[in-house]
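Colleague: Quick one: the structure is below, and I'll ask about it shortly.
Laboratory data are not the source of any read-out in this text; all were calculated from the coordinates shown. Remember, predicted model here, so these are calculated numbers, not experimental data. When we count neighbours, we look across all protein chains shown, and the Cβ atoms used for this are built from the backbone with ideal geometry, even at glycine.
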Number of protein chains: 2
Amino acid sequence: MTGRPDAGTPPPIAPRNRRRREAGALPQRPWRQPRNPYRPLKVLSEEQLARIEAASFTLLETLGLEIMHDGALDLLARAGATVDRATRRVRLDRGLVLDQVRKAPAQFTLHARNPAHDVVIGGNRIAFCSVSSAPNCSDLDRGRRPGTYADFCDLLRLAQSLNVVHCATGYPVEPIDLPPETRHLDAHYGFITLTDRVWQPSAIGPWRIRDGLAMNALARGIDAAGLKAKPGLITIVNTNSPLRVDGPMIDGLMAMAEAGQAVVVTPFTLAGAMAPSTLAGALAQQNAEALGVIALLQLAAPGAPVVYGGFTSNVDMKSGAPAFGTPEYVKATLAGGQLARRYDLPFRSSNACAANAVDAQAAYESCMSVWAAVMAHANYVKHGAGWMEGGLVASFEKMVLDAEILQEMSAFLDGLAVDEDSLALEAIAEVGPGGHFFGAAHTLARYETAFYAPMLSDWRNFESWREAGAQDAAQRANAIWKKLLAAYEPPPLDPAIDEALKDYVARRKAEGGIPKN
Amino acid sequence: MTGRPDAGTPPPIAPRNRRRREAGALPQRPWRQPRNPYRPLKVLSEEQLARIEAASFTLLETLGLEIMHDGALDLLARAGATVDRATRRVRLDRGLVLDQVRKAPAQFTLHARNPAHDVVIGGNRIAFCSVSSAPNCSDLDRGRRPGTYADFCDLLRLAQSLNVVHCATGYPVEPIDLPPETRHLDAHYGFITLTDRVWQPSAIGPWRIRDGLAMNALARGIDAAGLKAKPGLITIVNTNSPLRVDGPMIDGLMAMAEAGQAVVVTPFTLAGAMAPSTLAGALAQQNAEALGVIALLQLAAPGAPVVYGGFTSNVDMKSGAPAFGTPEYVKATLAGGQLARRYDLPFRSSNACAANAVDAQAAYESCMSVWAAVMAHANYVKHGAGWMEGGLVASFEKMVLDAEILQEMSAFLDGLAVDEDSLALEAIAEVGPGGHFFGAAHTLARYETAFYAPMLSDWRNFESWREAGAQDAAQRANAIWKKLLAAYEPPPLDPAIDEALKDYVARRKAEGGIPKN
C-alpha cells in the first residue's frame, strides 16, 4: 500500500478487517461537541488587556505588516491603508482594522458530508481536531519515520474511529511517498472517503484550495453556491512572524474566503524567536498580526468565517527549541481567548507538547495545553489528538492518549446534576452510618453509567496489573489503536460520488496537478 | 540503616554525601507559597450549591452522625444536639452547626522550625504537601516494596530538597521496620531533623499527638502556650464514611484542637462505595460529615484552626477500585472549594492518581487533580508530590514528576506583567518584519530568566534526545532524585535541641511508647 501510484486514480486504500464489535468494547463517549458551561479564566485584567490591544494597534500603525502579495496590497491601499510598494509594508489604522474585523461572524457552522458531524465554531462550543502537518509519524512497533500515504490513511482511520475527534483537519502526516504536485488530490480523497468529518485543505497557494473546494462540493453533492451557503472546509493561515505574511498563504486565504470557507489566522509568535521574550510583547505582536490579516480577509470577502488563532509559546532559551504546554503557553492561551472574545471572534488553540516519547512529559504538557484551551474557551482545538515533538511527529499512541484526555475534559464539561434523585437522601438513609453503597438499589440502578469510563486508564490494583503484563499507558495505547484500526469501517459513501471523486482526481492528475511555476 | 533499633534513641539517620552544587544545577523556583490571583472556577450554580447544603443539613438533622466517643457525645448533648446514647447517633440542628462552624478562622499561619518556611493556610495561598500515609514505596531501581525507616527518611530528604513542597505533612511511607508503639517517635524525630518544614503527627489516638506536641515545642524552643499561640502542627482526621466518626480519630482531633493546632477534617466519600454513586449525593454527604465534625471541634476548642477537606472521588464500578483524577474527581474538587468558601473555611484537596506506573496515566491523572485543586482555590494540597496507586505507594520518581507539575502551576499562578518594558515595542521595531529575536538586546537581557526552566521536561530535539539515551520522563526522574539525595544537606539544627529531642525519644521509648489498649 505504500509506493508511488503510477495511475492517475487515487492510490488504493488498503481494506481493513471488519470487527466492529471489538472496537465497540472500547468505552467511548458518543460523538458530540462539548459546550463549555463554565466561565472563562482571565489571566489579564481589563487594563492589561487594553494595554496589549493598544500596543498591537501601535504596531499596526507605526511598523505595519509586510504583505508579500500584490493583490492584497491593492485591496489594502483602496481601503485606506498606507502602502509602501517598495517594501510591501502596510500601515493600518486601528479604525480601519476594527471596522473590518467587525464584519466577521461570531459563530458559524461547518458542514461535514455526514450532517451528524457538522461542527459549530464559536460561542461556548468546542471542536477537537486530529493532529496535522507532521513530517514524521511514529508508533511503538515501527518507530519514528517519515510519513507515507499508508500512515496518512491509518491516522485518518483512527481520527474517524475516535468520537472525541470532531474534525479531521489537516494532513495528519505528510505522505512523502506521493508526488508533491498531486499529493493534495490523494490527501483530499483520503479525507473524504476514510472520514465523514469536516476536513482541511492545505492553504499554500490557490491550487490546493481550488481542488479542495471542488472535491468537497462533489462529496456533498452541491455546487459552489451551495458550498458558499454551507461551508465545509477550514484551513490555517500562519503569519511569517514577526509581522510578515507570505504570498502563497494570502493566495490560499483569498481563495478560501471568496468561496465562503473558513480560515484560521494564526500568528506564529514563539516568544524568544519570532516574538519578544516577554509574553506581553509576544501577545501584542500576535494581536497585531491576527487583526491585520483578519482585516485583509474581511476586505476580500466581507462576512467570511474566520477564527482568531493563538499559538504563542516560548522557546527553550538555551537551545532555541520551541517548548509547549509550558506555564507561558498556558498564560498566552488564556490571554489569547480574552483577546478573541474582545473582537467577538471564535478562538483557536492547540493541544501542544514538546515531548519525544509518549511518557509522563507528553501527558503533562498536553494536559496543561488542553486545560488552558478549555479554560480560555477555545472553540477550535487544533492538533487535539496525536501531536508530539512540537509538531514534528504524529504518534499513533499519542492519539489514543490525547483521546483519553479530551474525553475526560468533555465529561468534566458535562457539569453535574443536582436534583432529588442525585442527592440520594433515601439511599444514604438506607445504607446508614458505617455501611456501604456497593449493593444499594441507588447504586445498582446506575451501575453502567454513573461515572466516566476510561479508554486508556488502568485502575486495576498493582498485583492484577502486574499479572496482566505491567503495561504502561503507552503500551496500552498501542494495543488500543490496533484494535481501533482492526475494527475500522469506512463511513458509507454513495458509489456514484466515489466514482465522481476518482474521476476528478484522475483528470487533475492527468493535467499534472499543481502547475510548476 | 534498616532494621529495628534496639536502643531507646532514634535509629541512626544515614549521612549523605555533601555535593550541594550538583543539586543547585537543577532548576528550581525559590521556596514560596503561591498566591492564586485568578477567580475560582465554579461547577455549581448558586442554586445547586444551596440545594447540596440543604441536603447536608437534612442528613445531619434526620440521620445524624454516629460518633464513637463518649466525651464527644457529652459535649454535643450539652450544646443541644439530640444524642441517642445506645446507638451513638447524634442529630445536629443546622443552626447549631453553623454557629459552631462560624467560630473557625478563615485563615491561619502554621509555624515551621525555620520561620522562612512558615505557611499560611487560607485566603488565596496554596501550600503543597509531600505524599503521606503510603504503606509501600517504589523506585525504578528497587521496585515496589513495603516502606522502611530508611525510605521514610529518604522521602523526607527529597521533600526538603524540593522547594515547591511547602510542608512535609504525614508519614511519606509507613516505616514498618520500626515497632508500632514507638514508631511515631522516630518519625517525629525524622520530620524535625531532616526537614525544617511544618509537619504532621498521626492523629490516631491521643498519644501520638501528645508526643508530637512535645517534640514540636522542643524543636522550636517554646512551651505549650507558645505552641498554642503559634501553631506548628497540622493533622488529618478522616471520617469513617458514611456518617460515622471513629473514637481514636476524635481523641486525636480533641488533643490537637485543645492545643491550638490545626486539623483537616476530610470525609472519605468515595462515590459508589462509601457515598452514593451520584456526585450531588456524595457532596451532600461530604458536607454533612465535614460540618458535623468541624462543629464538634469548635465546641471542644472554639476558634481552633480547621480546614474543610474534600476527597470525594468515584470508584471503578466494575472492580470497586478507587479512581482519582477523573472527571468526577475534578467536579467534586471544584464543588468542594465552593462549599468551603460558603463557610469561609480554608480548603484541602489532593494531588491524587490511581496509576500503577510513573507513566502518562500518572501524569494526566495528577494534572487533572492539580488543575482542579488550583481552580478550586484549595489552600492545602495533600499528597502534592509522590502519591501513586490511590495512596498505596509513595514513589521516588513520582515525587520528581509532581514537583515539575507543581512548579509549572506555580509559575502559571505568577500571572504576567504588562508594562512598557514587557510590551517590547522597541524590540519589535528593532527586529522588524521577517527578522528574529534571538540576538535582540531585549532577548539577551532576559536570557536567563525570561521563561520557566523545567526540572524534568526534556526539550531537546529527537536526535539529541535519542543520542543521550532516549530516556523517558520516569527514567529522568530517577536520575534527578538520586542527584537531589546525593546533594542533600540536613537543615541546621541547634545541637542542644537535637540532644533534647534524642533524650525525649529515648525516655518515651523507655516508657514503652504508646500504652497497649
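Colleague: Would you please name the chymotrypsin sites (Phe, Trp or Tyr not before Pro) within the range A:423-511 that are DSSP coil residues with at most 14 other C-beta atoms within 10 Å of their C-beta?
Modeller: Within the range A:423-511, the qualifying chymotrypsin sites (Phe, Trp or Tyr not before Pro) (loop, at most 14 other Cβ atoms within 10 Å) are A:Y447.
Colleague: Taking the Cβ-Cβ separation of A:D84 and B:H436 as r and a Förster radius of 22 Å, what is the calculated FRET efficiency to the nearest 0.05?
Modeller: 0.50
Colleague: Just need the relative contact order of the range B:358-416 here, percent rounded to a whole number, with Cα pairs under 8 Å and 6+ apart.
Modeller: 30
Colleague: May I pose another question? List the lysines whose Cα sits under 24 Å from the Cα of A:K228, skipping any in the same chain fewer than 8 residues away.
Modeller: A:K103, A:K382, A:K502
Colleague: Along Cα→Cβ, 7 Å out, is where each label goes; now give me the distance between the ones at A:A77 and A:E61 in nm to one decimal.
Modeller: About 2.4 nm separates the two model spin labels.
Colleague: Only bridges whose two residues both fall in the protein assembly as shown count here: according to DSSP, what percent of them are antiparallel, nearest 5?
Modeller: Taking every DSSP beta bridge within the protein assembly as shown, about 40 percent pair in antiparallel fashion.
Colleague: Next question. Pairs of alpha-carbon atoms within less than 8 angstrom and 6+ residues apart define the contacts here; what relative contact order does chain B have, in percent?
Modeller: 21
Colleague: Looking at chain B, which longest stretch skips every one of the trypsin sites (Lys or Arg not before Pro) that is in a DSSP loop with at most 14 other Cβ atoms within 10 Å, leaving the sites themselves out?
Modeller: The reported range is B:319-515.
Colleague: Under 19 Å from a point placed 7 Å out from the Cα of B:A225 along the Cα-to-Cβ direction: which residues of the range B:298-318 have their backbone N that close?
Modeller: Under cut-off, by backbone N: nothing.
Colleague: Please report the antiparallel percentage of DSSP beta bridges with both residues in the range B:192-312, rounded to the nearest 5.
Modeller: DSSP beta bridges in the range B:192-312 are roughly 10 percent antiparallel.
Colleague: While we're here: Report the charge-dipole magnitude of the range B:34-80 in Debye, nearest 20, computed about the Cα centre from +1 at each Lys and Arg Cβ and -1 at each Asp and Glu Cβ.
Modeller: In debye, rounded to 20, the range B:34-80 gives about 420.
Colleague: Please compute the contact order of the range A:256-405 in relative form: average sequence separation of alpha-carbon pairs under 8 Å and at least six residues apart, divided by the residue count, as a percent.
Modeller: 20
Colleague: Which percent of the Cα-Cα distances in the range B:332-470 go past 19 Å?
Modeller: 65
Colleague: Another question, then. Check each of the GluC sites (Glu not before Pro) in the range B:411-458 and keep only those in coil by DSSP with at most 12 other C-beta atoms within 10 angstrom; list them in order.
Modeller: Of the GluC sites (Glu not before Pro), the ones in loops of the range B:411-458 whose Cβ has at most 12 other Cβ atoms within 10 Å are B:E448.
Colleague: I would also like to ask the following. Which angle between 0 and 90 degrees, to the nearest 10, do you get for helix B:46-58 versus the longest principal axis of chain B when only C-alpha atoms count?
Modeller: 30
Colleague: Compute the distance in nm between two label points, each set 7 Å from the Cα along the Cα-to-Cβ direction, one at A:K482 and one at B:R32.
Modeller: 5.0
Colleague: Next question. Counting DSSP beta bridges with both partners in chain B, what percentage is antiparallel, nearest 5?
Modeller: Percentage antiparallel, nearest 5: 40.
Colleague: Ignoring everything except DSSP H segments at least 4 long, calculate the 222 nm mean residue ellipticity for the protein assembly as shown; use -39,500 (n - 2.57) per segment, divide by total residues, nearest 500.
Modeller: It comes out at -13000 deg cm²/dmol, rounded to the nearest 500.
Colleague: Starting from the Cα of B:K230, draw a straight line to each of the aspartates and glutamates and keep only those under 18 Å, dropping any in the same chain fewer than 8 residues away.
Modeller: Straight-distance partners of B:K230: B:D118, B:D196, B:D211, B:E258.
Colleague: Once label points are set 7 Å from the Cα along Cα→Cβ at both A:E463 and A:I176, what is their separation, rounded to one decimal in nm?
Modeller: Taking the simple label geometry, A:E463 and A:I176 are separated by 5.1 nm.
Colleague: If you don't mind, there's one more thing I want to ask. Using +1 at the Cβ of each Lys and Arg and -1 at the Cβ of each Asp and Glu in the range B:388-465, identify which of B:V393, B:V418, B:G439 lies farthest towards the dipole's positive end.
Modeller: B:V393
Colleague: Name all residues of the range A:402-426 having a backbone nitrogen under 13 Å from the label point set 7 Å from the Cα of B:S45 along its Cα→Cβ direction, giving them as ranges.
Modeller: A:416-419
Colleague: Ok, one more. Which whole-percent values make up P(r) of the protein assembly as shown when all C-alpha to C-alpha distances are grouped in 20 Å steps starting at zero?
Modeller: 13, 42, 32, 11, 1
Colleague: Given 0.36 nm per residue, what is the gain on full extension from A:R94 to A:D414 after removing their alpha carbon distance, in nm?
Modeller: Contour length minus the Cα-Cα distance gives 111.2 nm.
Colleague: So what J values fall out for the range A:402-412 if you push phi through Karplus, 6.51 cos²θ - 1.76 cosθ + 1.60 with θ = phi - 60°, rounded to Hz, Gly and Pro as x?
Modeller: Values, residue by residue: 5, 4, 4, 4, 5, 5, 5, 5, 4, 5, 4 Hz.
Colleague: The range B:50-90 to the range B:308-327: how many Å between their Cα centroids?
Modeller: 26
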